[in-house]
1. Looking only at residues in region A:144-184 that are in contact with a Phe, Trp or Tyr (Cβ under 7 Å, 6 or more places away or on another chain), of a type in the set (A, V, I, L, M, F, W, C) and assigned to a helix (DSSP H, G or I), which one is farthest from A:Thr110 (Cα to Cα)?
2. So A:Val198 ticks every box in (1) hydrophobic (A, V, I, L, M, F, W, C); (2) more than 14 Å from every other protein chain (Cβ to nearest Cβ); (3) buried (at least 17 other Cβ atoms within 10 Å of the Cβ) but one. Which box is left unticked?
3. Does A:Pro137 meet the test of being away from chain B (no Cβ under 14 Å) and either farther than 26 Å from B:Lys67 by Cα or not basic (Lys, Arg) (or both)?
4. Find the residue count for region B:138-163, including only residues that are among the small types (Gly, Ala, Ser) and closer than 18 Å to B:Gln91 by Cα.
5. For region B:172-182, give me each residue that is part of a loop (DSSP other than H, G, I, E, B) and surrounded by fewer than 21 Cβ atoms within 10 Å (Cβ to Cβ).
6. State yes or no: is B:Met101 surrounded by fewer than 21 Cβ atoms within 10 Å (Cβ to Cβ), out of contact with any Pro (no Cβ under 6 Å at 6 or more places or on another chain) and closer than 25 Å to B:Ser205 by Cβ?
7. Residues being under 14 Å from the mean Cα position of the chain (by Cα) and part of a helix (DSSP H, G or I): count how many of those fall in region B:56-97.
8. For the subset of region B:104-129 comprising residues that are more than 13 Å from chain A (Cβ to nearest Cβ) and of a type in the set (A, V, I, L, M), which member is surrounded by the fewest Cβ atoms within 10 Å (Cβ to Cβ)?
Amino acid sequence: MRSLAPKYLTAMTCMAISISFASIVQADDAASKTINIAIEVCAGCHGVDGNSLVPTFPKLAGQQKVYLLRELTDYKTGKRVSETMAPFMESLTLEDLPHLAAYYAKQKPTPGIVSNPSLLGVGKTLYLQGNSKTDVPSCESCHEPDGSGSGKFPRVASQHTEYALDQFRLYATGKRTNGARVMKAVAERMTEEETRAVAEYMASMP
Amino acid sequence: MNRTLLSSVLALMAGVIFTSQAAHAEFKQPHAAGIETYGYAWNSPDQDMNRALAHAADASKGEAAYKVCKGCHKPDGSGLADANYPQLAGQHASVIIKQMMDIRAGRRDNPRMYPFSGEWIVSAEEIADIAAYLNKLPPPTTNGKGNGYNLPRGQALYLKDCASCHGKAGEGDAKKFYPMVAGQHFSYLKRETRESRDHGRRNASPEMVKVLKNYSDADVEAVSDYMSRLKTTR
């Protein structure tokens, strides 16, 4: 045992190290594959870290993981329809989607752009209290007072106003239907001005 | 020639109108049989409702699930008097479950509420959890009240016609699905009482409709005012 013990010890240590390396490398593989996808497939519109520079492409940085995964899955299965997204979804498999969702959820969102600060007062009231005259519930009840969202309710803080307005229109006209029954009712009850005000207020939230 | 043109234009218009209705049809409240139907039986067994009632409700889960409701009904369940969002705090869980399922199924007409009652936003189990949570909340005393001009009449009517089901103090009856009326907003009570009298509230109990048959609008207002001022003993 005297002469064997050091050999065994060395062999076992090497095995242990290589096994842990293997799992690190595997994890690295998944992570690097995700980052490659993010760079090659998504970054052109959404930015490398999910902070898109084009206001019609949503910011993904800091988005709720559950929400992102649902939207990506719905794009892949056709439950959510977008001519813009369709060709890019073809290069993704269902297995990629949870990793992508987790990746973007971890990114730090940049501040939103407020183009019409005069609307912020109305927007804040609507966001926090809704409009009881037209039965618009407060946005904060689902999207949280700070706009960070929760689970299946998306983060709306610092989002592009143009993207938000597009979604209000798509909901109101029944063109976006995934997970949308409540949002359709909400969007239908809001005026165009109200959606503009809320979009500005959402953009203003850090 | 002109007639063919006219009829094809009309057909086209009809097509446009019908397809646009169809596109929104899935978001319209269904219409289930109610009190207007011959042979209507109040509170008939319903699978959705039974699922919710059978669920071992968890009020702490209900607090989390309630978030999608508090945008109108407020974090303390107090609703809004002016907008006729009812006060829900302290209400019997069975009553909340029944009303939600009646709206979901279209036995009670409420297009404002309908989008928020469906299984796309809350499951039957979540409704049970939310109902248990709301039942535990203390009813606020700041509910909307009437003008107080006809309370003696309101009291006389209430004790004669309403107390036998809704309780002397307006506490209702959880087992029998009779709502607590104490501390509810006056305008909501007035509307629901009037609608029950006039068959507008189609999930009303026929016994209630019978009792209200000869109520004038002033009677409805007086009894609603009286109920809005009742306080439960909690």
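The values are calculated or read from the model by the stated rules, or taken from the named source; none is laboratory data. Keep in mind it's a predicted model, so treat the numbers as computed, not measured. Please note: Cβ atoms are built from the backbone with ideal geometry, for glycine as well, and neighbour counts cover all protein chains shown.
1. Looking at the filtered set, the residue picked out is A:Val182.
2. (2)
3. Considered against the rule, which asks whether it is away from chain B (no Cβ under 14 Å) and either farther than 26 Å from B:Lys67 by Cα or not basic (Lys, Arg) (or both), A:Pro137 comes out as no.
4. The total comes to 2.
5. Here is the first cut: in region B:172-182, the residues part of a loop (DSSP other than H, G, I, E, B) are B:172, B:174-177, B:179-182.
Correct list: B:Ala174, B:Lys175, B:Lys176, B:Phe177.
6. No: the conditions fail for B:Met101.
7. 6
8. B:Ala105
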